[in-house]
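In what follows, a structure is listed as structure tokens, so that the remarks can point back to it.
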Amino acid sequence: MHISLRSLPILLACLAGILSAVLVAADDATPASPEGLRLATFDLDATPQVGSRLAYDTMKDVGPLGLRCRGIVLLGAGQPIVLCAVDWIGIANEGHDAFRATLAAAAGTTPDRIAVHVLHQHDAPICDFSTERILKKENLDTQTFDSTWQRQWLEHFGKVVAGCLSKAAPVTHVGWGEGKVEEVASNRRVMGPDGKVVGVRYTACKDEALRAAPEGTIDPMATAVSFWNGENPLVVLTYYATHPQSYYRTGIANPDFPGMARYFREQELSLLHVHFTGAGGNIGAGKYNDGSPAMRPILAKRLAAGLKKAWDSSEKKAITSADVSWKTAGVALPPSVGLKADELRDKLKTTDGILSSAMQLAWLERCQQGHQIELHRLRLGNVDILHFPGELFVEYQLEAKRLAPSRHVAFAAYGDYGPGYIGTEISYGEGGYETQPTSSFVAPSVEPVLMGGLKALLAD
């Protein structure tokens, strides 16, 4: 087999990533606590002040629900484990590091036992200390990446999480359920007969021809993982794979239709819901959403109906500390070959695409420094919860379920937002928005790297 010199760096990056996934994967075998399994929850406001920068616009108001940061601290199965979901568009690079460090210090654990995700709403802030640092170094306006408020909020966040530990309740059972969500998700990439993308059906779509196309590849199932103390539910974690936009660019901070669905279910059950966005990088509501304000509550009710099905179908099983384990696989994602540090620094001196260039440079520098993304698996008896980075294509979630047919698999994407969109290997030759160099900062060889990490997590 002939390997060109041009393709050699990609191949080496791919092999290195696969090896790191296998070699770094480590299963927690720390002895259980004599106090047994316990759970603490946190729920706090994550809405910035009026006048702050959201991802696209200056914030001029806050919606009725605001933005939330929610999660759980699981105690009694080795060092504490923290799962966190934030109503922001992205938490990336050194910002993601800071979140995990803050949570680790607050919960008395280590950063490798922390999973931080966003839901990816667009009328919401972004947090990326690496991009902010690059912009400041070049004496450029940090704009949407100004992190003054985020850093102050992180201090408050740590205190809230530390304070919740004293309220931890015993966990005796874990519940699992699934429910189909009707007429919400559709694949954004509408394919032609030649196997190429003929149109992108964004999260809001007015093009009747694109909306008439089939749903395409999706995961229609919402999942629910609940924790119980006897007959009393403590919290439910829900998962669904789609971009969470109905419409945006309003300047009003809001959690969009998944936040509304979460609220509807909480009101019905009087139970804290922590919602995670699954692998929805190539999934949106475009087939069913024309972008009109009237569609937001309709989509919310449809998602809430699927979440209700997942809750109603849930089966509880007894669980002890011995049934809980945490596994981590470190993977080095290969950067896009189109990212050149000198070219990106030159672009910072122009007037166009400065923020995008700074984001790309932040990711490239992390890769060049040998940074690895950590993938996680929380095992709860027969339930596996997987935690992955970026705007991941749904095929990764579907493959995870295929690889573990005898287990219940829940999937959270939108962890470290640094790599941007993460497609499948074949998708990079199909065209479309998601795999353009300005959208996806990784190379096509990312697929075998991530699949290696996935298989390492599900190996036992």
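Set side by side, the residues 163, 216, 199, 177 differ, and just one is surrounded by 14 or more Cβ atoms within 10 Å (Cβ to Cβ) and either basic (Lys, Arg) or farther than 26 Å from residue 421 by Cα (or both), which is 177. Scanning the stretch 431-450 finds no residues that are of a type in the set (D, E, K, R) and touching a Pro at 6+ places or on another chain (Cβ under 6 Å).
Screening the stretch 325-356 for residues that are of a type in the set (S, T, N, Q) and without any contact (Cβ under 8 Å) to a residue 24 or more places away in the chain and picking the one that is surrounded by the fewest Cβ atoms within 10 Å (Cβ to Cβ) gives 351. The set of residues in the stretch 413-443 being closer than 19 Å to residue 194 by Cβ, in contact (Cβ under 8 Å) with a residue 24 or more places away in the chain and not small (Gly, Ala, Ser) consists of 424, 430, 433, 434.
When only residues in the stretch 377-406 that are of a type in the set (S, T, N, Q) and in a loop (DSSP other than H, G, I, E, B) count, which is farthest from residue 172 (Cα to Cα)?
Checking each candidate, the answer is 406.
When each of 418, 429 is tested for being surrounded by fewer than 21 Cβ atoms within 10 Å (Cβ to Cβ), at pLDDT 95 or above and not β-branched (Val, Ile, Thr), the lone residue that passes is 429. Only residues that are in a loop (DSSP other than H, G, I, E, B) and closer than 21 Å to residue 299 by Cα were counted in the stretch 225-250, giving 10. Right, residue 138: surrounded by fewer than 17 Cβ atoms within 10 Å (Cβ to Cβ) and either over 30 Å from residue 398 (Cα atoms) or touching a strand residue (DSSP E or B) at 6+ places or on another chain (Cβ under 7 Å) (or both) or not? The answer is yes for residue 138. The residue that is surrounded by the fewest Cβ atoms within 10 Å (Cβ to Cβ), counting only those in the stretch 436-446 that are over 23 Å from residue 240 (Cβ atoms) and among the hydroxyl-bearing types (Ser, Thr, Tyr), is 438.
Checked against the criteria, residue 188 counts as within 30 Å of residue 130 (Cα to Cα), out of contact with any Cys (no Cβ under 6 Å at 6 or more places or on another chain), among the basic types (Lys, Arg) and crowded, with 17+ Cβ neighbours inside 10 Å. Restricting attention to the stretch 44-97, the residues being assigned to a strand (DSSP E or B) and closer than 26 Å to residue 373 by Cα number 18. Of all the residues in the stretch 268-315, those that are under 30 Å from residue 231 (Cα atoms), crowded, with 17+ Cβ neighbours inside 10 Å and not aliphatic (A, V, I, L, M) number 11. So is residue 217 under 30 Å from residue 323 (Cα atoms) and in contact with a helix residue (DSSP H, G or I) (Cβ under 8 Å, 6 or more places away or on another chain) or not? So residue 217 does not fit the description; no. Screening 381, 370 for residues that are at positive phi, touching a helix residue (DSSP H, G or I) at 6+ places or on another chain (Cβ under 7 Å) and touching a residue at least 24 places away in the same chain (Cβ under 8 Å) leaves exactly one candidate, 381.
Each row is one residue, and each column tells you yes or no for (1) surrounded by fewer than 16 Cβ atoms within 10 Å (Cβ to Cβ); (2) of a type in the set (Val, Ile, Thr); (3) at pLDDT 50 or above; (4) farther than 29 Å from residue 324 by Cβ.
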position	(1), (2), (3), (4)
2	yes, no, no, yes
9	yes, no, no, yes
20	no, no, no, no
39	no, no, yes, no
45	yes, no, yes, yes
49	yes, no, yes, yes
77	no, no, yes, no
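Would you mind finding the one in 207, 146 that is surrounded by fewer than 22 Cβ atoms within 10 Å (Cβ to Cβ) and in contact with a helix residue (DSSP H, G or I) (Cβ under 9 Å, 6 or more places away or on another chain)?
146
Is the stretch 361-371 home to any residue that is acidic (Asp, Glu), within 20 Å of the chain's Cα centre (by Cα) and either surrounded by 19 or more Cβ atoms within 10 Å (Cβ to Cβ) or more than 18 Å from residue 111 (Cα to Cα) (or both)? No, the stretch 361-371 contains no residue that is acidic (Asp, Glu), within 20 Å of the chain's Cα centre (by Cα) and either surrounded by 19 or more Cβ atoms within 10 Å (Cβ to Cβ) or more than 18 Å from residue 111 (Cα to Cα) (or both).
Taking the stretch 98-118 as the region of interest, how many residues are in a helix (DSSP H, G or I) and in contact (Cβ under 8 Å) with a residue 40 or more places away in the chain?
Residues flagged as in a helix (DSSP H, G or I) and in contact (Cβ under 8 Å) with a residue 40 or more places away in the chain within the stretch 98-118 amount to 9.
The values are calculated or read from the model by the stated rules, or taken from the named source; none is laboratory data. None of the values given here were measured: they were computed from a predicted structure. For neighbour counting, all protein chains shown are included, and Cβ atoms are generated from backbone atoms with ideal geometry for every residue, glycine included.
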